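What follows is one structure encoded as structure tokens, with my remarks underneath.
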Amino acid sequence: MIARDRRLHRTQDDLDQLGMMEMTQNSTPLIGFIGLGHMGGHMSANLVAAGHRLLVHDLNFEAEQRLVDLGAQRADSIAAIAASSDVVITMLPGPPQVEAVIREMAPLLQTGALWVDMSTSTPAAARVVDETLAARGVYRLDAPVSGMAKGAASGMLQIFVGGEAEVLARVQPLFEVMGDPERVLHVGGLGAGYTVKLMINQLWFSHLVASAEVLTVGMKAGVALDVLHQSLLASPAASAFLANDLPSVFGGDYDDSFAMKLACKDLGLSIDLSRDVGVPAPLSAFVEQIYRTALAKYGPDAGEMTPIRLAEDNAALQLRPAVVATEAEETAA
């Protein structure tokens, strides 16, 4: 156990001796990128555009081809990426996929290589290979992201990094291509990035459910939607969700870029974490049930903000500026 701890908490000399390559303008390490979906496709494209050498792999051939057309190289297998890459970035749907991919990669990664998991996952999914990675002199960071597909496309994601600060420093330029340099946050040791992301998701989903309830009740009571919304923004109850995310719903957009099945997966991970650490989370559990009700009614591919649609249907109204006057007048009458 002592030997394992030493390998997992290396000194600066250890890092230098094992040949971790600094991501500077003078070095061109090969970056393997696995997972080219709504988020990973944009993130990897930004890396290619910034001049980085990328080796990409995804189960979806068309997703791979889009990156090849931009200048990336295609890898025919996960094993090929593991054996060739200096840095491997994974952006996968969840813990089962993360665990399966890293189990396949772990025996093949080069000494001094770095695995960066940017998926929304759990500390437990990555820890399954800690012994193998440490024995091979391989480093890892968990670095999940926030900012939706539009943030991934614009390269302005927020990134929450768990792991050693010295390791983070070596890939900081990669994160600054994929994310907002001012919001690449080192949040603690291994696993802390996963935890912070799950807590952010949980609070965002809770904001959504609470906002949907407040707006539909207020509108049903006769207050115009725009007045109610602006009043909330001017009050102590104001939030980034109310200001930046909610207005898309007023135009009928429930954010199809992130599916309900993934939102429910994230909520389940958050509930599992609360259970693992022994902390009751009744509000989180209630929010999860509302999400699962919306998923059952509208389908797994509906947008992540679809619980607002559920609230609208329950109140027999729509949160639309175009219909506010009519709805409010009828209610008041």
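The values are calculated or read from the model by the stated rules, or taken from the named source; none is laboratory data. All values reported here derive from a predicted model rather than from experimental measurement. Cβ: placed from backbone, ideal geometry, glycine included. Neighbour counts: every protein chain shown. Areas reflect the complete protein model, heavy atoms only, side chains present, ligands, DNA and RNA absent. Shrake-Rupley method; radii C 1.70, N 1.55, O 1.52, S 1.80 Å.
Could you give every pair whose Cβ atoms fall below 7 Å, whose first residue belongs to region 239-251 and is part of a helix (DSSP H, G or I), and whose second residue is of a type in the set (S, T, N, Q) and surrounded by 14 or more Cβ atoms within 10 Å (Cβ to Cβ), counting only separations of at least 6 or pairs across chains? As it stands, the answer is 241/211; 242/211; 246/211, since those pairs meet every condition given.
Annotation note: of 239, 274, the sole residue that is under 21 Å from the mean Cα position of the chain (by Cα), polar (S, T, N, Q) and either farther than 17 Å from residue 210 by Cα or open to solvent by less than 20 Å² (accessible area, probe 1.4 Å) (or both) is 274. Looking across region 89-107, the residues that are more than 14 Å from the chain's Cα centre (by Cα) and not aliphatic (A, V, I, L, M) come down to 96, 97, 99, 103, 104, 107. Criterion first (more than 23 Å from the chain's Cα centre (by Cα) and either part of a helix (DSSP H, G or I) or at pLDDT 95 or above (or both)) does residue 226 satisfy it? Spelling it out, residue 226 is indeed more than 23 Å from the chain's Cα centre (by Cα) and either part of a helix (DSSP H, G or I) or at pLDDT 95 or above (or both). Residues considered: 134, 143, 153, 149. Of these, the only one that is touching a Ser or Thr at 6+ places or on another chain (Cβ under 7 Å), among the aliphatic types (A, V, I, L, M) and in contact (Cβ under 8 Å) with a residue 24 or more places away in the chain is 149. Screening region 112-222 for strands (runs of 3 or more DSSP E) wholly inside it with 3 or more residues that are crowded, with 21+ Cβ neighbours inside 10 Å returns the ranges 114-117, 139-142, 157-162.
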